[in-house]
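See below for the structure under consideration.
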Amino acid sequence: MKTLSVSHLLGIKYLCEEDLHLIFETAKHFKEVINRPIKKVPSLRDITIANLFFENSTRTKLSFELAEKRLSADVLNFSANQSSVNKGETLVDTVNNILAMKVDMVVIRHPHPGAAHFLSKKVDSCIINAGDGTHEHPSQALLDAFSLKEKFGELGGKRIAIVGDILHSRVALSNIYALKMLGAEVSVCAPKSLLPKHIDSLGVEISTDFAKTLKWCDAVNMLRVQNERMDLNYFPSTREYSQNFGLTFERLKSLKKEIVILHPGPINRGVEISSEVADSDQAIILNQVENGVAIRMAIIYLLASKLNIPIA
């Protein structure tokens with residue numbers, strides 16, 4: 001059996017291209033499983049997984065939990081706002097207390113960049129990063145790339161644009177790493193105030209002209225403006241942002257081609273994308289959600305196979 005080159009999923013930058021293809025092949029198999037009448041396999045019935053979410057999330061948390069249950073793992077859910085972290089307990093103490101209950105794998109979302117990496121050095125467990133601050137969100141990038149591969153076949157030479165709040169986005173960084181590894185050309189488009197300083201060092205095109213970017217690309221990933229991460233005003237108003245960087249049906253119609261539209265969610269309808277576009281045939285947003293479960297099943301299964309525990 002082929003195995004991943006890593007023992008944790010901390011970020012796309014720690015993976016190689018072979019890892020990505022192995023995850024995609026495994027996800028394809030699990031996508032068939034979740035479309036059967038009986039959507040469960042007994043693969044991980046002896047594995048216990050803890051979901052540690054120190055930051056609010058609905059879609060990612062549900063997707064991981066469903067993936068774990070589809071694999072027949074035992075699942076432990078932890079929410080920081082109901083925990084001893086609020087009483088001053090450290091992250092390592094919290095996780096070690098959970099591991100003392102004989103937990104094999106930890107899925108963690110944390111507001112601080114590098115939290116998953118830090119934890120992987122401090123505790124004896126397999127760590128899966130479900131988003132760390134504004135750093136990486138590897139499982140989202142994998143499901144985005146998998147969804148694009150389903151649409152295009154191969155990504156080599158395809159032009160993919162990432163538009164919106166690049167500065168505060170962990171999705172953007174992970175997507176850039178994954179898409180470039182798979183041979184795609186990547187462009188980021190945003191107001192200057194929402195472009196990170198050293199983004200050009202990642203080998204991407206940089207644009208502040210949304211109309212030009214739409215003409216250039218084969219697919220566009222529309223990011224939401226992350227107001228909860230902003231301590232300054234990065235643009236004059238939501239209305240002005242929407243006028244300059246919102247994907248509307250009129251903008252789509254003006255193109256002389258069809259492009260594929262992605263969105264990592266949650267959607268701010270009428271801001272970065274109109275309802276008409278989000279619900280159109282060109283949008284693969286619900287495919288992304290379905291693929292998210294299959295991709296996370298693949299990640300968990302492949303990492304669990306590296307533990308010294310028999311899996312089916």
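Every read-out reported here was derived from the displayed coordinates using simple, explicitly stated rules and does not represent laboratory data. These figures come from a predicted structure and were not determined experimentally. So basically every Cβ, Gly included, is an ideal-geometry build from the backbone, and we count neighbours across all protein chains shown.
Okay, helix-only estimate at 222 nm for the chain: each DSSP H run of n ≥ 4 adds -39500 (n - 2.57), divide by all residues, round to 500 deg cm²/dmol; what do you get?
Numbers: 11 runs with 119 residues, N = 312.
Helix contribution divided over all residues of the chain: -11500 deg cm²/dmol.
Among Val293, Val6, the order by Cβ neighbours within 10 angstrom, fewest to most, reads Val6, Val293. Principal-axis analysis of the Cα atoms of the chain puts helix 138-152 at an angle of about 60° to the longest axis. Fully extending the segment from Ile206 to Lys28 would add 60.8 nm, taking 0.36 nm per residue of separation and subtracting the current Cα-Cα distance.
Quick one: length gained pulling Lys122 to Thr238 fully straight, 0.36 nm per residue minus the C-alpha distance? Before the final figure, lay out each step's value.
Values: separation 116, 0.36 × 116 = 41.76 nm, distance 4.21 nm.
Length gained, Lys122 through Thr238: 37.6 nm.
GNM on the chain, alpha-carbon springs under 10 angstrom: the most fluctuating residue among Leu99, Leu255, Leu15 is Leu255.
The charge dipole of the chain, taken about the Cα centre with unit charges on the Cβ atoms of Lys, Arg (+1) and Asp, Glu (-1), comes to about 280 debye, rounded to the nearest 20. Among all lysine pairs in the stretch 138-289 that are eight or more places apart or on different chains, how many have alpha carbons less than 22 angstrom apart? Summing the qualifying lysine pairs gives 27. Could you give the nm distance between label points at Arg251 and Lys2, where each point is 7 Å from its Cα heading toward the beta carbon? According to this spin-label approximation, the distance is 3.7 nm. Largest GNM mean-square fluctuation across Val204, Val220, Val107, computed for the chain with C-alpha springs under 10 Å, falls on Val204. The local environment of Arg239, defined by Cβ-Cβ distances under 15 Å, has a net charge of -1 under the rule Lys, Arg +1 and Asp, Glu -1.
Provide the gained length on full extension for the span Asn308 to Lys192, in nm with one decimal, where the gain is 0.36 nm per separating residue minus the Cα-Cα distance. Don't skip to the end; give the middle numbers.
Working: separation 116, 0.36 × 116 = 41.76 nm, distance 4.89 nm.
Between Asn308 and Lys192, full extension yields an extra 36.9 nm.
Under the combined filter of DSSP loop state and at most 13 neighbouring Cβ atoms within 10 Å, the stretch 122-163 retains these GluC sites (Glu not before Pro): Glu154. Rounded to 0.05, the FRET efficiency of the Lys39 and Glu18 pair, given R0 = 35 Å and the Cβ-Cβ distance, is 0.75.
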